[in-house]
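K.L.:
Here's a structure for you.
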DNA sequence: GTGAAAGCGCTAACAT
DNA sequence: ATGTTAGCGCTTTCAC
């Protein structure tokens, strides 16, 4: 590996002091340098193929131009668009992202926050899943710029970007209500995850608002956001809940599990039971039946979070507008249909 | 933001020199320190909450403990498992990954390689898509440890990890052949991408090996690996190619496009035309018909690439075993079925 | 407008 | 076994 060209090399080639070179190459300071000198230096720099050493600059300025991006699991189809959204604003500004997967494990998350701090990240974007994660709040209190996605940290001055979970669930419930459904069940997500909890709450509110039966047995809670748990929760509903004609699932993967169960039991969807998901994951328009779901703006959420973080890093006070709520949309597909008429007489 | 505790702080608190502290905290060097001293120092370190500044250490040692991970697009379902596979070996070793998306654009890729070098990454894992990318080869020649995924760089001593594309296509063709299909078409991927080209070549070889009709009109090339191009290429085949009863698609997204076209034209799959994909993307077991495809070991590929890179960084010569070929598997699902008997008489 | 010098936090000779 | 010294590449005061 050949010697990397440094400011010193440029200084030697131009017969000038390294500090002069440094200034000439810094757009913000280059005004204090004579035009001739500056041209001479920039020419030499590009001739020699100079590239600044960001580690050295970071050490000196305490600004690494790096941000940490913490997500539960990049393998979860929800997060890649968020990551790209983040990168789309950070990269043009000269920031690099260190990506870490927390697996939603508190200890792992705590360790990774430390790892990021050791590397001198200028800020952290935290696509939270856990409802309780003291680590990131502490980091923020210690002065680390932090923005969270999907989650508000209570009592902390941390800007956050969330989807309108409430509106999403309300749209799904209203859609089913419009189709004539009255007894609507909910396959809830894990209640220790923010989205799971928010959506379950939203479901209860939506049911109440429409004066529909709010039997707690119509809500079954999954332990994880995956197909197996969706199936388990759906079976539990079918076995123990009073009759229902629709299932609002807290996310698409739970809905997939619910659909499997319906198929396995020979319950036609949507003829007998309608199903909705949440997130609008890729390819769910291709399954049979195509899943009615709520689409969210992941990339935009990532981009906004990144912009907020840049502002924080730039010294802007977090106060004022902490919250950004992104709109969601109902995507109607084949898994929802009219409430079966045979059942109607039994309506309350 | 409070002052971060440094070696100097520990030195002050324990009344020894910073270099002693540095040694005591370095597992490799701590043997040269008396037990009492070491305990005193490590105690002080944890009491004060010391965390090493990796930027400073990296500047000094020229080892940032950071690697660059270049992928075309994290949004492509193929890559998240690879990224996790990489992280699963790198993170426990203390390495962090800077993730960048190249979008398969040569200029962008070239710039990002520079960005990574500026940040002093110790090595680069390059999940290549482009067949021609001189940039990464140059970086490797300049001494940067590099491992590529999915692609061999000709003439360079760069270890690479690939899937057995040839075997995958051969399995698909053999499977169809076993079902009685004789006239098999290929929806090829972009020929400027390594997988597109390798799979098309493999297809030709497989067809030849089985003495099947090798009409060039039975191969239609997509410009991108996406559903639209898969649809376009499939339509082209249906419109211009001699009759065929099966389509081997170069990846799953092309296959999805092909399936759409078949449905739109009222051609039943697999009754009249069977379809195969490649990659075994998530959820394709849920579509109608479920896609027969080739599963590949993404996470393992990432993990192996990471291990190879660590070895390179550790000074191991790249020579010897440059190549790692990972086995693939045929996953038979509903999109492939027996060759329609009505067509059989027209076999050659 | 440019040079000199100091120092970010750490490691690695070289001393003792 | 510990201290001294120097310096990684850069930025930033402070002189002139």
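K.L.:
Output the residue which, of all residues in region A:173-202 that are part of a loop (DSSP other than H, G, I, E, B) and in contact with a helix residue (DSSP H, G or I) (Cβ under 8 Å, 6 or more places away or on another chain), is farthest from residue A:129 (Cα to Cα).
P.N.:
If we take residues in region A:173-202 being part of a loop (DSSP other than H, G, I, E, B) and in contact with a helix residue (DSSP H, G or I) (Cβ under 8 Å, 6 or more places away or on another chain), then A:180 is farthest from residue A:129 (Cα to Cα).
This table checks each residue for (1) more than 19 Å from residue A:251 (Cβ to Cβ); (2) over 21 Å from the mean Cα position of the chain (by Cα).
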position	(1), (2)
A:154	yes, no
A:163	no, no
A:174	no, yes
A:179	yes, yes
A:198	no, no
A:208	yes, yes
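K.L.:
Just checking, which of B:56, B:45 is more than 18 Å from the chain's Cα centre (by Cα) and surrounded by fewer than 20 Cβ atoms within 10 Å (Cβ to Cβ)?
P.N.:
B:56
K.L.:
Look through B:58, B:68 and report the one residue that is within 16 Å of DNA strand D (Cβ to nearest atom) and in contact with a strand residue (DSSP E or B) (Cβ under 9 Å, 6 or more places away or on another chain).
P.N.:
Answer to the selection: B:58.
K.L.:
Quick one: which residue in B:273, B:248 is away from chain A (no Cβ under 13 Å), under 20 Å from residue B:177 (Cα atoms) and either within 27 Å of the chain's Cα centre (by Cα) or at pLDDT below 95 (or both)?
P.N.:
Testing whether each residue is away from chain A (no Cβ under 13 Å), under 20 Å from residue B:177 (Cα atoms) and either within 27 Å of the chain's Cα centre (by Cα) or at pLDDT below 95 (or both) leaves just B:248.
K.L.:
Here is a check on your reading of the model: is residue B:29 within 41 Å of the chain's Cα centre (by Cα) and away from chain A (no Cβ under 14 Å)?
P.N.:
For residue B:29, the condition - within 41 Å of the chain's Cα centre (by Cα) and away from chain A (no Cβ under 14 Å) - is met.
K.L.:
Against the conditions (1) within 12 Å of chain B (Cβ to nearest Cβ); (2) more than 9 Å from DNA strand C (Cβ to nearest atom); (3) modelled with pLDDT of 90 or more, where does residue A:58 fall short? Just the number, please.
P.N.:
Condition not satisfied by residue A:58: (2).
K.L.:
Which members of region A:1-27 meet the condition of being without any contact (Cβ under 8 Å) to a residue 24 or more places away in the chain and away from DNA strand C (no atom under 13 Å from the Cβ)?
P.N.:
Once the filter is applied, which keeps residues that are without any contact (Cβ under 8 Å) to a residue 24 or more places away in the chain and away from DNA strand C (no atom under 13 Å from the Cβ), region A:1-27 yields A:1, A:2, A:3, A:27.
K.L.:
So, one more: Going by the structure shown, is residue B:16 outside any helix (DSSP H, G or I), within 14 Å of chain A (Cβ to nearest Cβ) and either surrounded by 14 or more Cβ atoms within 10 Å (Cβ to Cβ) or within 11 Å of DNA strand D (Cβ to nearest atom) (or both)?
P.N.:
no
K.L.:
Just name the residue that is nearest to the other protein chains (Cβ to nearest Cβ) out of those in region B:76-91 that are touching a strand residue (DSSP E or B) at 6+ places or on another chain (Cβ under 9 Å) and modelled with pLDDT under 95.
P.N.:
Ranking the candidates gives B:77 first.
K.L.:
So, residue B:94, is that one over 18 Å from the mean Cα position of the chain (by Cα), within 11 Å of chain A (Cβ to nearest Cβ) and surrounded by fewer than 19 Cβ atoms within 10 Å (Cβ to Cβ) or not?
P.N.:
yes
K.L.:
Identify the residue in region A:113-139 that is touching a residue at least 60 places away in the same chain (Cβ under 8 Å) and within 12 Å of chain B (Cβ to nearest Cβ) and, among all such residues, is farthest from residue A:63 (Cα to Cα).
P.N.:
Selected residue: A:123.
K.L.:
Answer yes or no: is there a residue in region B:40-47 that is more than 8 Å from DNA strand C (Cβ to nearest atom), within 30 Å of residue A:141 (Cα to Cα), at pLDDT 90 or above and within 14 Å of another protein chain (Cβ to nearest Cβ).
P.N.:
yes
The values are calculated or read from the model by the stated rules, or taken from the named source; none is laboratory data. No experiment lies behind these values; they were computed from the predicted model shown. With ideal geometry, Cβ positions are generated from the backbone for all residues, glycine too; neighbour counts draw on all protein chains shown.
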